[in-house]
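**Student:** Quick one: this structure, given as structure tokens, is what I'll be asking you about.
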Amino acid sequence: VLILGGALGATGPAHDTWARWDVAAGELRAGGTLATPRRELGATRLPDGRVLLVGGRVSAESAPLATAELLEPSSGAVAPTGELPNARLAPHVLTLDDGSVLVVGGTGAGGATPPQLTTWDASSGTFFDLPEASLGPAPTAVVGAVALPGARALVVMDAAEGRPPTLALVRASSTGLGTEWAVDALDAARLAELHALRAAALPD
């Protein structure tokens with residue numbers, strides 16, 4: 001288990017270090033140094049074992065970051081990768097079972113949830129917004145996002161201003177020209193009285 005960045009207390013500046021929790025030994029062991037101090041970041045393990053760190057911020061009062069970096073846990077090497085089209089604080093970052101990487105939600109520089117989903121291309125190290133895969137013109141906070149089998153992700157957006165929570169199913173499909181993305185709204189009527197939901201994918 002990797003412990004990435006973070007901060008000492010609610011108002012502390014971000015750490016530029018990472019550590020490894022050894023589950024078998026029950027010990028926290030020093031890891032190394034990140035390219036950028038980050039708190040409230042998003043991260044995901046890639047199919048090749050590297051870890052992609054996305055967004056966050058360097059202090060409790062600073063603006064969200066648009067930067068990202070790659071960490072190789074076995075060697076401790078870190079390297080910057082492409083920048084996000086939109087800076088994001090506390091984004092959800094998912095690796096789907098087809099290897100696609102999806103960046104969802106978070107808080108943008110203006111304080112609103114970016115409506116576009118973003119993907120990261122491993123071959124070029126570039127982030128791309130997905131205009132065909134939008135959470136809507138004025139999405140509420142994304143409170144949950146989990147990868148599902150079949151190159152899919154479930155996104156849960158919180159209730160707001162009398163609106164119930166919103167569920168969206170994001171689908172990636174490979175074509176001869178690359179990956180196509182689509183978003184389907186799901187019926188969330190039974191969740192109308194619930195707030196600050198979380199989602200978890202079960203092994204089956």
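The values are calculated or read from the model by the stated rules, or taken from the named source; none is laboratory data. All of these numbers come straight from a predicted model, not from anything done at the bench. Using ideal geometry, Cβ is built from the backbone for each residue, glycine included, and neighbour counts are taken over all protein chains shown. Surface areas here come from the heavy atoms of the whole protein model, side chains and all, with no ligands, DNA or RNA. Shrake-Rupley method; radii C 1.70, N 1.55, O 1.52, S 1.80 Å.
**Student:** Within the range 92-107, track down each residue that is open to solvent by less than 10 Å² (accessible area, probe 1.4 Å), part of a loop (DSSP other than H, G, I, E, B) and without any contact (Cβ under 8 Å) to a residue 60 or more places away in the chain.
**Tutor:** Selection gives G105 alone.
**Student:** Answer yes if at least one residue in the range 64-71 is out of contact with any Ser or Thr (no Cβ under 9 Å at 6 or more places or on another chain) and not polar (S, T, N, Q), and no otherwise.
**Tutor:** Scanning the range 64-71 turns up at least one residue that is out of contact with any Ser or Thr (no Cβ under 9 Å at 6 or more places or on another chain) and not polar (S, T, N, Q).
Residue by residue, here is whether (1) under 17 Å from P139 (Cα atoms); (2) open to solvent by less than 60 Å² (accessible area, probe 1.4 Å); (3) of a type outside the set (D, E, K, R) holds:
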site: G162; (1), (2), (3): yes, no, yes
site: L167; (1), (2), (3): yes, yes, yes
site: R171; (1), (2), (3): no, no, no
site: S174; (1), (2), (3): no, no, yes
site: A182; (1), (2), (3): yes, yes, yes
site: A185; (1), (2), (3): yes, no, yes
site: R190; (1), (2), (3): no, no, no
site: H195; (1), (2), (3): yes, no, yes
site: P203; (1), (2), (3): no, no, yes
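**Student:** Turning to a different aspect of this structure: Within the range 35-58, is even one residue out of contact with any His (no Cβ under 7 Å at 6 or more places or on another chain), within 25 Å of D158 (Cβ to Cβ), small (G, A, S) and surrounded by fewer than 19 Cβ atoms within 10 Å (Cβ to Cβ)?
**Tutor:** Looking through the range 35-58, none of the residues is out of contact with any His (no Cβ under 7 Å at 6 or more places or on another chain), within 25 Å of D158 (Cβ to Cβ), small (G, A, S) and surrounded by fewer than 19 Cβ atoms within 10 Å (Cβ to Cβ).
**Student:** For the range 3-17, which residues satisfy the criterion of being in a strand (DSSP E or B) and open to solvent by 50 Å² or more (accessible area, probe 1.4 Å)? Outline the logic, then answer.
**Tutor:** Initial filter on the range 3-17 (in a strand (DSSP E or B)): 3-4, 7, 14, 17.
Hits for the range 3-17 are I3, T17.
**Student:** Output the number of the condition that A79 fails; it satisfies all remaining conditions of (1) exposed (fewer than 14 other Cβ atoms within 10 Å of the Cβ); (2) touching a Leu at 6+ places or on another chain (Cβ under 7 Å); (3) not in a strand (DSSP E or B).
**Tutor:** (3)
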